[in-house]
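Undergrad: Take this structure first; my questions come after.
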């Protein structure tokens, strides 16, 4: 078991990639906290894997602090933090996005990484190390048009990951990112501007391996990066994309 007795906190874990990650972590022996803004979804997933759940809006400082404090209170430490929670931009012209929509995209996708670091890094420093994994996107590497502000938010996560990795390495804290290509999740329709067999076929044609990503694909990548097998990897932004970024 590659994560035996490790304590892992995963945000946005009530569905999609996050749900896949917590299932995989639990299979490998981790003690898991399933965090999500949707409490019912978090509870459902936590019951499935016999884990703890926590309701959290990752853009709110007090809620993120409470989430980290609860995790440490339950288990005494925090070994792995996965900043997976995120929201999409509805596909469309860049000037069609309102200021409120822009602010929310950056609050959830970028500010959340800052808030998680503020509250989790001191704990990891005190215990002698840890692993932080940020869910970024191929959108931050090879952006598609009509998703401009979302693309920028994920580009920020990639840069933050690399800078955090450099700064936190002396503390024994590794920081990596996963860059998935679009998967069949609750955000699919927003990204594609709809969800039809024709749109999926057009999208899949842009991916050399010919399909979208799955929660299992992302979960396996997160497991590797969180495990001791990746102990010499930090600042890595791993593309899980079927070749999309080639």
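Undergrad: Say we look at the stretch 181-206 and pick out the residues that are crowded, with 18+ Cβ neighbours inside 10 Å and not in a helix (DSSP H, G or I); which of these is modelled with the lowest pLDDT?
TA: Looking at residues that are crowded, with 18+ Cβ neighbours inside 10 Å and not in a helix (DSSP H, G or I), I get 187.
Undergrad: Would you mind stating whether residue 139 is under 19 Å from residue 36 (Cα atoms), in contact with a strand residue (DSSP E or B) (Cβ under 9 Å, 6 or more places away or on another chain) and at pLDDT 95 or above?
TA: Answer is no for this residue.
Undergrad: Checking residue 176 against (1) within 17 Å of the chain's Cα centre (by Cα); (2) part of a loop (DSSP other than H, G, I, E, B): exactly one of these is not met. Which one?
TA: Condition (2) is where residue 176 drops out.
Undergrad: Residues in the stretch 128-136: is at least one part of a loop (DSSP other than H, G, I, E, B) and touching a strand residue (DSSP E or B) at 6+ places or on another chain (Cβ under 9 Å)?
TA: Scanning the stretch 128-136, I find at least one residue that is part of a loop (DSSP other than H, G, I, E, B) and touching a strand residue (DSSP E or B) at 6+ places or on another chain (Cβ under 9 Å), so the answer is yes.
Undergrad: If the Cβ limit is 6 Å and pairs must be 6+ apart or interchain, which residue in the stretch 85-99 that is on the phi < 0 side of the Ramachandran plot pairs with which residue that is in a loop (DSSP other than H, G, I, E, B) and loosely packed, with under 14 Cβ neighbours inside 10 Å?
TA: Between residues of the stretch 85-99 that are on the phi < 0 side of the Ramachandran plot and residues that are in a loop (DSSP other than H, G, I, E, B) and loosely packed, with under 14 Cβ neighbours inside 10 Å, the close pairs are 91/193.
Undergrad: Filter the stretch 2-14 for residues that are surrounded by fewer than 24 Cβ atoms within 10 Å (Cβ to Cβ) and on the phi > 0 side of the Ramachandran plot and give the result.
TA: Passing the criteria: only 5.
The values are calculated or read from the model by the stated rules, or taken from the named source; none is laboratory data. Only a predicted model underlies this, so the values are computations on that prediction, with no experimental measurement involved. Ideal geometry is used to build each Cβ from the backbone, glycine not excepted, and the neighbour counts take in all protein chains shown.
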